[in-house]
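The block underneath contains the structure these notes are about, expressed in structure tokens.
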Amino acid sequence: MTESPKISKTLNVVLWLAQALLAATFFWAAYMKLFSSPEQLANMWPWTAHNSGLVKFTGVIDLLGGLGLILSGIFNVWPKLTVVAAYGSIALMVSASVFHISRGEGSQIGFNIFV
């Protein structure tokens with residue numbers, strides 16, 4: 001029999017905090033994109049003024065990403081979901097960076113790179 005490697009309690013807490021912060025970030029973004037008025041969004045993020053379908057789509061993706069990062073760990077169901085959600089989050093941030101660069105908004109990708 002093989003044993004799974006032991007992860008220190010401190011590392012486990014740090015990883016959970018990182019997941020929770022990242023999930024909270026995605027939940028905030030999803031809430032803003034799904035429930036804010038187009039005018040409010042355009043004041044915060046100018047790109048949203050002419051891309052309402054993309055705003056709603058990315059809002060749903062943000063929500064799913066946030067849920068995927070924490071639900072499997074909380075309920076201890078399908079642990080690989082966290083890894084899939086993390087890869088999806090990376091793909092979303094890379095796509096957002098490419099989108100902003102293509103619009104000449106390269107100065108706005110710092111947050112995407114950080115996430």
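Against the definition (touching a residue at least 40 places away in the same chain (Cβ under 8 Å) and either closer than 22 Å to LEU15 by Cα or surrounded by fewer than 14 Cβ atoms within 10 Å (Cβ to Cβ) (or both)), how does LEU92 come out, yes or no? In short, no.
Reported count of residues in segment 32-63, each being aromatic (Phe, Trp, Tyr), free of Cβ contacts under 8 Å to residues at least 12 places away in the same chain and within 21 Å of ASN112 (Cβ to Cβ), is 2. When ILE7 is tested against (1) more than 18 Å from ALA96 (Cα to Cα); (2) surrounded by 13 or more Cβ atoms within 10 Å (Cβ to Cβ), just one condition goes unmet, and that condition is (2).
Tallying residues that are open to solvent by less than 30 Å² (accessible area, probe 1.4 Å) and either closer than 29 Å to GLU105 by Cβ or in contact with a strand residue (DSSP E or B) (Cβ under 9 Å, 6 or more places away or on another chain) (or both) within segment 43-89 yields 12. The set of residues in segment 106-115 being surrounded by 15 or more Cβ atoms within 10 Å (Cβ to Cβ) and in a helix (DSSP H, G or I) consists of GLN108, ASN112. Considering the conditions (1) within 17 Å of the chain's Cα centre (by Cα); (2) charged (D, E, K, R); (3) over 26 Å from PHE75 (Cβ atoms), GLU39 is excluded by exactly one of them, (1).
The set of residues in segment 64-81 that are within 12 Å of the chain's Cα centre (by Cα) and either modelled with pLDDT under 90 or closer than 15 Å to VAL115 by Cα (or both) comprises GLY65, GLY66, LEU69.
The values are calculated or read from the model by the stated rules, or taken from the named source; none is laboratory data. The shown structure was predicted, so the numbers you read here are calculated from the model rather than taken from an experiment. Backbone-built Cβ (ideal geometry, glycine too); neighbour counts: all protein chains shown. Accessible surface areas use protein heavy atoms only, side chains included; no ligands, DNA or RNA. Shrake-Rupley method; radii C 1.70, N 1.55, O 1.52, S 1.80 Å.
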